[in-house]
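The values are calculated or read from the model by the stated rules, or taken from the named source; none is laboratory data. Remember, predicted model here, so these are calculated numbers, not experimental data. With ideal geometry, Cβ positions are generated from the backbone for all residues, glycine too; neighbour counts draw on all protein chains shown. Keep in mind that these areas ignore ligands, DNA and RNA; they rest on the heavy atoms of the full protein, side chains included. Shrake-Rupley method; radii C 1.70, N 1.55, O 1.52, S 1.80 Å.
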Amino acid sequence: MAVVRRVPLALAILLALGVALRILFMLAYRPALLGYPDTSVYLTGATGDLFWDPLRVVGYPAFLRLVRVFSSDLSFATLVQHGLGVATAVLLYVTVRRIGGPRWVALVPAAVVLLGGDQLFFEHAILSESLFGLLVAGALYAAVRVADGWWWAAAAGVLVGLCTTVRLAGLVLAPLLAAWLLARRPRLVPAAA
């Protein structure tokens with residue numbers, strides 16, 4: 001019989017508050033925050049030529065294009081991004097726990113993502129921050145699991161690679177990941193590359 005792990009009460013409360021805030025935001029302001037200059041660039045790339053702007057990476061417009069397969073309503077894209085924010089918080093919590101951090105320490109990054117005003121605004125806008133945050137959190141989680149097998153190093157490498165398609169700042173993560181893998185598991189560096 002499979003063992004079902006219990007979600008700590010404090011994390012469950014944080015998740016409930018975070019989801020409630022996102023629902024309230026969705027009800028109060030629809031379909032999305034559109035006042036950012038990058039929003040029109042992303043929407044143009046999502047509905048037309050992905051490579052129309054040579055100064056932009058195409059990962060986020062490609063993500064929006066994928067979301068449009070299910071619904072072209074901007075409220076749906078916002079809902080998906082709010083889901084990414086909640087998933088990011090959970091990933092950060094389990095990452096801290098995985099490296100041996102106490103529960104209360106693991107709650108801090110989860111709380112920042114779940115309850116942070118800036119985070120909520122970025123998730124509610126057509127901006128790349130929520131997708132980028134999820135990819136970074138996923139890469140961190142995979143990186144701390146490299147001792148469990150080469151596939152975790154490969155997953156971390158793929159996620160960092162995807163980060164670079166969403167934001168140019170993701171380029172900095174590649175050498176950091178390689179240094180981490182070299183320090184933790186020297187024979188796994190080629191897998192992450």
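Mind listing whichever residues of the range 129-151 are surrounded by 19 or more Cβ atoms within 10 Å (Cβ to Cβ) and at pLDDT below 90? Matches in the range 129-151: 146 only.
Residues considered: 171, 120. Of these, the only one that is free of Cβ contacts under 8 Å to residues at least 24 places away in the same chain and either closer than 28 Å to residue 32 by Cβ or open to solvent by less than 60 Å² (accessible area, probe 1.4 Å) (or both) is 171. Taking (1) within 16 Å of residue 126 (Cα to Cα); (2) open to solvent by less than 90 Å² (accessible area, probe 1.4 Å); (3) assigned to a helix (DSSP H, G or I); (4) among the hydrophobic types (A, V, I, L, M, F, W, C) in turn, residue 79 satisfies each apart from (2). Residues that are more than 14 Å from the chain's Cα centre (by Cα) and without any contact (Cβ under 8 Å) to a residue 24 or more places away in the chain within the range 72-86 comprise 72, 76, listed in sequence order.
Against the numbered list (1) more than 30 Å from residue 47 (Cα to Cα); (2) modelled with pLDDT of 95 or more; (3) of a type in the set (Val, Ile, Thr), residue 99 comes up short only at (2). Among 72, 40, which is among the polar types (S, T, N, Q) and not in a helix (DSSP H, G or I)? Just a single option satisfies the conditions, and that option is 72.
Restricting 10, 32 to those that are surrounded by 10 or more Cβ atoms within 10 Å (Cβ to Cβ), small (Gly, Ala, Ser) and farther than 30 Å from residue 69 by Cα reduces the list to 10.
Residues that are within 13 Å of the chain's Cα centre (by Cα) and hydrophobic (A, V, I, L, M, F, W, C) within the range 87-119 comprise 87, 89, 90, 91, 92, 110, 113, 114, listed in sequence order.
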